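Heads up: the structure comes next, in structure tokens.
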Protein chains: 2
Amino acid sequence: MLVVQKYGGSSVANAERIHRVARRVADVRSKGHQIVVTVSAMGDTTDDLVSLVKEITDSPTDREMDVILSTGEQVSIALLAMAIKELGESVISLTGAQAGIHTDSAHTKARINSIDTVRIKEELEQGKIVVVAGFQGIDQVNNNITTLGRGGSDTTAVALAIALKADLCEIYTDVDGVYTTDPRVVPEARKLAVISYEEMLELANLGAAVLHPRAVELAMKYKMPLHVRSSFNHNPGTVVREVEEMEKSLVVTGVVCDNNVAKIGLFNVMDKPGIAHTLFKALADEKINVDMIIQSAMRDERNDISFTCSKGDLKKALEVVEKLQTALGADGFTYGDGVAKVSIVGAGMVSNPGVAAEMFEALFREGINLEMISTSEIKVSCIIRAEDSVKAVAALHKKFNLAEQNGN
Amino acid sequence: MLVVQKYGGSSVANAERIHRVARRVADVRSKGHQIVVTVSAMGDTTDDLVSLVKEITDSPTDREMDVILSTGEQVSIALLAMAIKELGESVISLTGAQAGIHTDSAHTKARINSIDTVRIKEELEQGKIVVVAGFQGIDQVNNNITTLGRGGSDTTAVALAIALKADLCEIYTDVDGVYTTDPRVVPEARKLAVISYEEMLELANLGAAVLHPRAVELAMKYKMPLHVRSSFNHNPGTVVREVEEMEKSLVVTGVVCDNNVAKIGLFNVMDKPGIAHTLFKALADEKINVDMIIQSAMRDERNDISFTCSKGDLKKALEVVEKLQTALGADGFTYGDGVAKVSIVGAGMVSNPGVAAEMFEALFREGINLEMISTSEIKVSCIIRAEDSVKAVAALHKKFNLAEQNGN
């Protein structure tokens, strides 16, 4: 069997943890399996490198940023290889370039184009454990070092598993798997044994930090099953895979709450073509990621427009809105970051039209006011006051019997 | 003009110093010259990486050691490139691999086989300043990352200058140039304007840390002149170059003292073939670098053998000697690290046979006892008590009029 494993930054944050990962890897090898391991940079390494850059310049070039950031994983692959060697196993570390990970040239957020697996396969055939740097590659023009940006290491692992036709792709993290909701908020939260790609994608996009949506998308495209589990114990985790229609017994699979939300509302914007485009184009130009958008026709020829973004983008977004207020013909605007986004996700919603209404009812019974609502095929999200978020998550978890169901 | 510059770890130890180096580099470019810069890792980076490794294992594999050590220079080239960019110059950083620095596969102490300069030349022709990681390359078998070991960055600079047929190779360090002796010990010490490769080589081997002997050897072989100078001011430094016979007016060019010396003496070793070989082979097997060796026939069929090594190797050397004592037929042994090696160097000595005697006389007049003596064509070294070293250096500096001569 060929196994690909990925260990995140917290799993290799110090020498003791690296030794622990080494033992796990050696265990798999000793059972006769071939194994490719990909790792992130140790704990806070990336932050430390970014601080170093900030001492030099406020506007680093992306190419040089990648040269420096890629050293974080280069350190961790060498250390892990040394720790595995200590256990008597044959092992080799490979940088993104050495592992044949070819990307486009979009520095700091490159996409993997292809993986030339010749070198990895050679090393595997020689009986070696192969440790590959996550998060990095080289472009095909000039052998420039690239990094993959957010979710890069998860993506490296999934891409390696696909390219190598691995039998198993394990994503090790600091939690036990994917839960029906955050167990720190709702003690009754239940670990899911299985979840579909689509549901995982919604959960990941909603801020469940277990697995990056980009990696989920890639796995979904190539139907590569992922096993998400903890590097701190041997409990089974959650398998993310294709779920046949007939298995989709659960209407709602999970509840997620994202507190990193800010809300901006514009009053009485002119109701004419191009207004929304002007506003959201200007926000996009500033690289502000707008999440929910609500436009409601309140009076004749006048609309209210509300949208949400991350708290970190609020200041920039307000500058844009202030500048455009006259052009948009708005009477004024309001904003706040005391809000949260609570969402329910479930593949079964598609065929259960009443789910959104059940959610609103449950929140209403708790006296929680809904400030904004948005829905997709398998998700309903509501913006509520931040102070209501724990109460909301607990109520929804209970409402949809997530602690008890055995469907997944 | 094409200029190659090298900046050591202390010259790029922090953000402020990196900015200073950037300005120096940009100055050269603004005068219309092409420039290739090679840098070491920042200050203590290498030590920090070694400590990290020590937390993982006491016996790291050399290959993985190189993977991790090479990140030090990768960080400094990116930071320097960013700082140069801040000044409005066009610039690119290249790792050893990207710069085409091909080495043998002797990890942690690789030798440069060749430099494929295509990429560097391309970047130069596009008007860019090229920043190359010192100390590193790739081997030609597997694109494994290699490091060059001690003196690696100096060697990278000289090799780049040779391969690119540079007009000038400047080695920037934290001292003003090469002095007749250590100015911290003898205030009258004088900076040499010019020194021959041979003399520089002896001085470097004797522990004058300005320039690594390996880089001097390479420069000598290809007759590449080097300008050794400080990155902290704009004073002219010392030019290391071929010196014609007729110019060699100075009998003695410099005085060097090395305090990192330990001495071991064996009494009454058997005088038969193979004895010396047995001892020094065993020491070499333990990778102990033996410096001076003195064998003196004291009595019939019995010799005393003394040798020196670095203080760090003393413990290992004693273990070897203890193990071999019986096999060598020695009566016993003595050792000590309270000694120092004081040396005079000068190309003019070849034709001045009385120089060694003048040295001994000067030391005798100071009441300094000579424990061991060794000579080469252009060097005389004496082992003395460590507490006499300052007095010895001052006396020799004066004896050979080093503060006053204008020959160089």
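The values are calculated or read from the model by the stated rules, or taken from the named source; none is laboratory data. Here the structure is a predicted model, which means the values were calculated and not measured. With ideal geometry, Cβ positions are generated from the backbone for all residues, glycine too; neighbour counts draw on all protein chains shown. Ligands, DNA and RNA are stripped out before the accessible areas are found, and what is left, the full protein with its side chains, is counted by its heavy atoms. Shrake-Rupley method; radii C 1.70, N 1.55, O 1.52, S 1.80 Å.
So for chain A, taking the charge dipole from beta-carbon charges (+1 Lys/Arg, -1 Asp/Glu), which of A:Asn233, A:Ala394, A:Ser376 sits furthest toward the positive end?
Farthest along the dipole direction, towards plus: A:Asn233.
Positive end of the charge dipole of the range B:254-399 (Lys, Arg +1 and Asp, Glu -1 on Cβ, about the Cα centre): tell me which of B:Ser310, B:Val345, B:Leu266 has its Cα farthest that way.
B:Val345
Could you state the number of Å between the C-alpha centres of the range A:358-408 and the range B:335-390?
87 Å
Between the label point of B:Gly354 and that of the same position in each other copy, find the distances and list them shortest first in nm, with every label point placed 7 Å from Cα along the Cα-to-C-beta direction.
11.8
Defining the label point at 7 Å along Cα→Cβ, can you sort the distances from A:Phe280 to the same site in each other copy, shortest first, in nm?
8.2
Could you provide, to the nearest whole Å², the per residue accessible area of the protein assembly as shown with probe 1.4 Å?
Counting only protein heavy atoms, the per-residue value for the protein assembly as shown is 43 Å².
About the Cα centre, and with charges only on the beta carbon of Lys, Arg (+1) and Asp, Glu (-1), how big is the dipole of the range B:254-399? Nearest 20 debye, please.
The dipole of the range B:254-399 has a size of about 240 debye.
Using a Förster distance of 56 angstrom, determine the FRET efficiency expected from the C-beta separation of A:Lys54 and A:Met1, and round it to 0.05.
Result of the calculation: an efficiency of 0.80.
Going down the table (B:Lys287/B:Lys391; A:Lys6/A:Lys379; A:Lys6/A:Lys221; B:Lys165/B:Lys223), which pairs top 22 Å between alpha carbons?
The pairs that break the limit, which is 22 Å between Cα atoms, are B:Lys287/B:Lys391; A:Lys6/A:Lys379.
List the lysines whose alpha-carbon lies under 21 Å from that of A:Lys272, not counting same-chain residues fewer than 8 positions away?
Cross-link targets: A:Lys281, A:Lys323.
Shape of the range B:107-221 from its Cα gyration tensor (a ≥ b ≥ c, root eigenvalues): rounded if a/c is under 1.5, otherwise prolate when a/b > b/c, or oblate?
Prolate.
Within the protein assembly as shown, what percent of beta bridges assigned by DSSP are antiparallel, to the nearest 5?
60 percent
Taking a ≥ b ≥ c as the square roots of the eigenvalues of the Cα gyration tensor of the range A:2-174, is the shape rounded (a/c under 1.5), prolate (a/b larger than b/c) or oblate?
In terms of gyration-tensor shape, oblate.
Tell me the accessible surface of A:Ser376 in square angstrom (1.4 angstrom probe, heavy atoms of protein chains only), to the nearest ten.
About 50 Å², ignoring ligands and nucleic acids.
Just check chain B against the gyration tensor rule for me: Cα atoms, a ≥ b ≥ c as the square roots of the eigenvalues, rounded for a/c under 1.5, and otherwise prolate or oblate depending on whether a/b exceeds b/c.
It is oblate, given that a/c is not under 1.5 and a/b is not larger than b/c.
Residues of the range A:50-76 that become at least 20 Å² less accessible with every protein chain present than in their own chain isolated, using 1.4 Å: which are they?
Relative to the lone chain, where solvent access is computed with a 1.4 Å probe, the range A:50-76 loses at least 20 Å² at A:Leu52, A:Glu55, A:Ile56, A:Thr57, A:Thr61, A:Arg63, A:Glu64, A:Val67, A:Ile68, A:Thr71, A:Gln74, A:Val75.
Note down the magnitude of the dipole of chain B about its Cα centre, charges +1 on Lys and Arg C-beta and -1 on Asp and Glu C-beta and zero elsewhere, to the nearest 20 debye.
640 debye
Leaving ligands and nucleic acids out of the surface, order B:Asp62, A:Asp139 by accessible area at 1.4 Å, largest first.
The most accessible residue leads, giving B:Asp62, A:Asp139.
Of B:Thr61, B:Cys169, B:Ser51, which is farthest along the charge dipole of the range B:2-174 in the positive direction, counting Lys and Arg as +1 and Asp and Glu as -1 at C-beta?
B:Cys169
Once the other residues with Cβ under 14 Å from the Cβ of A:Gly332 are scored (Lys, Arg +1; Asp, Glu -1), what is the net sum?
Around A:Gly332, the surrounding residues sum to -2.
In nm, one decimal, shortest first: how far is the label point of B:Glu125 (7 Å from Cα along Cα to beta carbon) from the matching points in the other copies?
For B:Glu125, the other copies' label points sit at 3.8 nm, shortest first.
What distance in nm lies between label points placed 7 Å from Cα along the C-beta direction at B:Thr278 and B:Tyr335?
Computed distance between label sites B:Thr278 and B:Tyr335 equals 1.9 nm.
Considering only A:Ala161, A:Ala276, A:Ala215, give the residue with the highest GNM mean-square fluctuation for chain A, with springs between Cα atoms whenever their separation is below 10 Å.
A:Ala276
Explain nothing, just the number: dipole magnitude of the range A:2-174 about its Cα centre with +1 on each Lys and Arg Cβ and -1 on each Asp and Glu Cβ, in debye rounded to the nearest 20.
540 debye
Taking the rotation axis that maps chain B onto chain A, which residue of B brings its Cβ closest to that axis, and at what distance in whole Å?
Closest Cβ to the B-to-A rotation axis, residue and whole-Å distance: B:Thr71, 2.
Can you give the average number of partner chain beta-carbon atoms within 10 Å of each beta-carbon in peptide B:91-104, as a whole number?
That average works out to 3.
Helix-derived [θ] at 222 nm for chain A: sum -39500 (n - 2.57) over DSSP H runs of at least 4, divide by residue count, nearest 500?
-10500 deg cm²/dmol
Just to verify a number: what accessible area does A:Arg23 come out at with the full protein assembly present, 1.4 Å probe, Å² rounded to tens?
Taking all protein chains as shown, A:Arg23 has close to 120 Å².
Taking a cut-off of 15 Å between Cα atoms, list the aspartates and glutamates near A:Lys31, but don't count ones fewer than 8 places away on the same chain.
Correct list for A:Lys31: A:Glu89, A:Asp167.
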